[in-house]
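Take a look at the structure set out below.
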């Protein structure tokens, strides 16, 4: 079963990280990718740019394009892992191994994939 683990980022938290915490996060993500590739559970990962670099297309009779998502939240999705695991329990187990889970103020959201089209390559 496919699950996506969404990495929720709070820029204020990231700005306050120590050099050791930053190193731990970088090393931890590398180790997580290596482990899930080794187990055959890894499908893909993507890191996303800052929301200030995004455009929002709002639907309607005449769709409107505006700069950035202006939402009432301090957190934004910073990236994701797409995994193919046995069940939700395994997805949560893996999420707990992502270094962000050990940083107060950061969050991981585990969500099942209900439809996917990964293309032909």
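The values are calculated or read from the model by the stated rules, or taken from the named source; none is laboratory data. Note that the structure is a prediction, hence the values are computed from the model and not measured. Cβ coordinates were reconstructed from backbone atoms using ideal geometry, including for glycine residues, and neighbour counts include every protein chain displayed.
Checking the structure you have, find out if any residue of the stretch 99-110 is over 19 Å from residue 9 (Cβ atoms) and either in contact with a strand residue (DSSP E or B) (Cβ under 9 Å, 6 or more places away or on another chain) or at pLDDT below 95 (or both). Full working, then the answer.
Residues of the stretch 99-110 over 19 Å from residue 9 (Cβ atoms): none.
Among the residues of the stretch 99-110, not one is over 19 Å from residue 9 (Cβ atoms) and either in contact with a strand residue (DSSP E or B) (Cβ under 9 Å, 6 or more places away or on another chain) or at pLDDT below 95 (or both), which makes the answer no.
Of all residues in the stretch 86-98, how many are surrounded by 14 or more Cβ atoms within 10 Å (Cβ to Cβ) and part of a helix (DSSP H, G or I)?
5
Taking residue 81 as meeting all but one of (1) out of contact with any strand residue (DSSP E or B) (no Cβ under 7 Å at 6 or more places or on another chain); (2) surrounded by 10 or more Cβ atoms within 10 Å (Cβ to Cβ), write down the number of the exception.
Condition not satisfied by residue 81: (1).
In the stretch 1-32, what residues are closer than 18 Å to residue 107 by Cβ and in a strand (DSSP E or B)?
3, 4, 5, 6, 7, 8, 9
Could you check the stretch 33-52 and list, in sequence order, the residues that are at pLDDT 95 or above, surrounded by 13 or more Cβ atoms within 10 Å (Cβ to Cβ) and either touching a strand residue (DSSP E or B) at 6+ places or on another chain (Cβ under 8 Å) or not in a helix (DSSP H, G or I) (or both)?
33, 36, 41, 42, 43, 45 - these are the residues of the stretch 33-52 that are at pLDDT 95 or above, surrounded by 13 or more Cβ atoms within 10 Å (Cβ to Cβ) and either touching a strand residue (DSSP E or B) at 6+ places or on another chain (Cβ under 8 Å) or not in a helix (DSSP H, G or I) (or both).
Starting from the stretch 71-85, keep only residues that are on the phi > 0 side of the Ramachandran plot and part of a loop (DSSP other than H, G, I, E, B), then list their pairs with residues that are at pLDDT 75 or above and surrounded by 17 or more Cβ atoms within 10 Å (Cβ to Cβ) whose Cβ atoms are within a distance under 8 Å, requiring at least 6 positions of separation or different chains.
none
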